[in-house]
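Beneath this line is the structure, given in structure tokens, with notes to follow.
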Amino acid sequence: MRETWVVGAATNRFGKMAETGREAASRVALAAIDSAGLEPKDIEQTFVSNAFGVAERQAHVGPLINTALGIPEVPSVTIESACSSSSAALHEAFVHVAGGFADAALVVGVEKLSHLDTFASTSYFAMGADYAFESRNGATFPGLYATLASAYRREHGSRPEEFGAVAVKNHANAAMNPNAHFQRPITLDTYLGSPIIASPLRLYDCCPFSDGASAIVVAARERLPRPAAEPLVIRASARAGSVADMHDRETLTGLPATRAAGLKAFRMAKVEPAQIDFLEVHDCFTVAEIMALEDLGFFPKGHAGRATVDGVTAHDGRLPVNPSGGLKAKGHPVSATGAAQVVEIFEQFNGHAGGRQVPKTGLALAHNVGATGGSCSVHIFGRR
Ligand SMILES: CC(C)(COP(=O)(O)OP(=O)(O)OC[C@H]1O[C@@H](n2cnc3c(N)ncnc32)[C@H](O)[C@@H]1OP(=O)(O)O)[C@@H](O)C(=O)NCCC(=O)NCCS
């Protein structure tokens, strides 16, 4: 395998986009290519993720993006893996570049659903669960993650304040991120006073519905030995799956796919969790961040909530987690989320994260989950 880098990255402000998905994706893709010091003609393959394009009556968006970039002859493919779509696309780009099938590849994730109401968006998203057993019987993502949260609280006796600490931290980080959906810090009282969405989850336990687009450029070191910005060396690109429907799982207090993808990634990068300086993890609901930190081996089971209360995972703590604000507060435009995690790591490595800059940026990890854990990607990035 060739040494493979992330050499460019860009995102837009998450929230409500005035542009169409394809317009936003094309604009952000160009910004990512530009940040790499490349031109669109340097791209040899485009990997797009856009799980809910049909909500805009638009599938097959890759050729439209490439045409807008002036490279209609470049092949594109759309990768769907629910909320982990763009990290799955990054994995495919890595495989292409590391394997020598392309010298430079573009990854673009985009989603736009803000023209739909909450009921319609919830129904679209539920298509990522098991329709026969879950969605058709009324299960929604807040409901499914509430089941995980109840099981977690019962098994570990954790208090609501531990989930609340995740929300308070991630909203505080997002308040320092000009591209975040929510840019106002919240207090624990705001969290505790917010309405129940799906017991025990409150409003501030949930990520919002966001529009957004993010893009990254992946290149072989030999193709671009002197990139315009400090590159991210892809030390590991690992994916794993698990039983999709929750009723067939052996545990509801962790995600088997996270554990499997994490183990693969640490093995591939030849590093231990203790060597990672900061992480972006999949916190679609607060319990998801807590479970991810435990499944990836950063804390023993039942301990990540307490560590969050103690400030260990704050942006200036011992192990910063979701300095971007995470899905919880930066926002979660499904197919743009995995790529956006990498944009944050790129900005952190280049010292461009402003007030949310973390103290150490030697090694970083990105963790991105599809649905309730049917799929998961873990990437580890290091320096040259
Ligand atoms: C939590 C949820 C149900 C709230 O939807 P809603 O009740 O229709 O809320 P609205 O869109 O009417 O917004 C009401 C207010 O709450 C705010 N808000 C909405 N969702 C929010 C969230 N997740 N966190 C914080 N604030 C939120 C809005 O900004 C708005 O504030 P304002 O009155 O100051 O403008 C919805 O955001 C949701 O379902 N989130 C989960 C999405 C999901 O499942 N993603 C997939 C994960 S796997």
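Among the numbered conditions (1) free of Cβ contacts under 8 Å to residues at least 24 places away in the same chain; (2) surrounded by 18 or more Cβ atoms within 10 Å (Cβ to Cβ); (3) of a type in the set (Val, Ile, Thr), the only one that Val166 does not meet is (1). Of the numbered conditions (1) within 16 Å of the ligand (Cβ to nearest atom); (2) under 30 Å from Arg22 (Cα atoms), Met291 satisfies every one except a single condition; which is it? The failed condition is (2).
Sub-7 Å Cβ pairs linking a first residue in the stretch 201-218 that is among the basic types (Lys, Arg) to a second residue that is surrounded by fewer than 24 Cβ atoms within 10 Å (Cβ to Cβ) and not in a helix (DSSP H, G or I), at least 6 apart or interchain, are Arg202/Ser194; Arg202/Pro195; Arg202/Ile196, ordered by first then second residue. Of the candidates Lys328, Lys360, Lys301, the single residue that is touching a Cys at 6+ places or on another chain (Cβ under 8 Å) and basic (Lys, Arg) is Lys328. Looking at Ala151, Ala104, Ala172, just one residue is buried (at least 22 other Cβ atoms within 10 Å of the Cβ) and at pLDDT 95 or above, and that residue is Ala104.
Condition first: among the polar types (S, T, N, Q), surrounded by 15 or more Cβ atoms within 10 Å (Cβ to Cβ), under 22 Å from Ser324 (Cα atoms) and without any contact (Cβ under 8 Å) to a residue 40 or more places away in the chain. Now tell me which residues in the stretch 175-200 satisfy that.
Residues of the stretch 175-200 that are among the polar types (S, T, N, Q), as a first pass: 177, 179, 183, 187, 190, 194, 199.
Applying the additional criterion that residues be surrounded by 15 or more Cβ atoms within 10 Å (Cβ to Cβ) yields 177, 179, 183, 190, 194.
Those still in the list that are under 22 Å from Ser324 (Cα atoms) too: 177, 179, 183, 190.
Residues satisfying the conditions are Gln183, Thr190.
Might you let me know whether the stretch 334-341 holds any residue that is in a loop (DSSP other than H, G, I, E, B) and not basic (Lys, Arg)? No, because not a single residue in the stretch 334-341 is in a loop (DSSP other than H, G, I, E, B) and not basic (Lys, Arg). Taking first residues from the stretch 113-141 that are in contact (Cβ under 8 Å) with a residue 40 or more places away in the chain and partners that are of a type in the set (Val, Ile, Thr), the Cβ contacts under 8 Å between residues at least 6 apart in sequence or on separate chains come to Phe125/Thr140; Phe125/Val334; Ala129/Thr372; Thr140/Thr122; Phe141/Thr122; Phe141/Thr372. Contact map, the stretch 70-87: residues that are within 14 Å of the ligand (Cβ to nearest atom) paired with residues that are assigned to a loop (DSSP other than H, G, I, E, B) and not hydroxyl-bearing (Ser, Thr, Tyr), Cβ distance under 6 Å, separation 6+ or inter-chain. Pairs shown: Ala82/Gly128; Ala82/Ala371; Ser85/Ala51; Ser85/Ile79. What do you reckon, is Ala364 out of contact with any Leu (no Cβ under 7 Å at 6 or more places or on another chain) and not in a loop (DSSP other than H, G, I, E, B)? So Ala364 does not fit the description; no.
Scanning the stretch 247-302 for residues that are touching a Lys or Arg at 6+ places or on another chain (Cβ under 9 Å) and among the acidic types (Asp, Glu) yields a count of 5.
A quick yes/no check of all residues on (1) at pLDDT 95 or above; (2) of a type outside the set (Asp, Glu); (3) under 30 Å from Glu80 (Cβ atoms); (4) part of a strand (DSSP E or B):
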residue	(1), (2), (3), (4)
Ser214	yes, yes, yes, yes
Val217	yes, yes, yes, yes
Ser237	yes, yes, yes, yes
Ala240	yes, yes, yes, yes
Thr258	yes, yes, yes, no
Gly262	yes, yes, yes, no
Ala274	yes, yes, no, no
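Tell me, please, whether a residue that is under 23 Å from Gly338 (Cα atoms) and within 11 Å of the ligand (Cβ to nearest atom) can be found in the stretch 154-170. Scanning the stretch 154-170 turns up at least one residue that is under 23 Å from Gly338 (Cα atoms) and within 11 Å of the ligand (Cβ to nearest atom).
Across the stretch 230-256, what is the total count of residues that are closer than 30 Å to Ala220 by Cβ and surrounded by 20 or more Cβ atoms within 10 Å (Cβ to Cβ)?
Looking only at the stretch 230-256, we keep the residues that are closer than 30 Å to Ala220 by Cβ, and these are 230-241.
With the extra rule that they be surrounded by 20 or more Cβ atoms within 10 Å (Cβ to Cβ), the set shrinks to 231-232, 234-240.
So the count comes out to 9.
Scanning the stretch 350-384 for residues that are surrounded by 24 or more Cβ atoms within 10 Å (Cβ to Cβ) and touching a Phe, Trp or Tyr at 6+ places or on another chain (Cβ under 9 Å) yields Ala364, Leu365, Ala366, Ala371, Thr372, Val378, His379, Ile380, Phe381.
Determine, yes or no, whether Phe119 is surrounded by fewer than 18 Cβ atoms within 10 Å (Cβ to Cβ) and either within 13 Å of the ligand (Cβ to nearest atom) or modelled with pLDDT of 95 or more (or both).
Values: surrounded by fewer than 18 Cβ atoms within 10 Å (Cβ to Cβ): yes; either within 13 Å of the ligand (Cβ to nearest atom) or modelled with pLDDT of 95 or more (or both): yes.
Yes; evaluated as a whole, the condition is true for this residue.
The values are calculated or read from the model by the stated rules, or taken from the named source; none is laboratory data. Predicted, not measured: the structure shown is a model, and the values here were computed from it. FYI the Cβ positions are ideal-geometry reconstructions off the backbone, even for glycines, and counts take in every protein chain you see.
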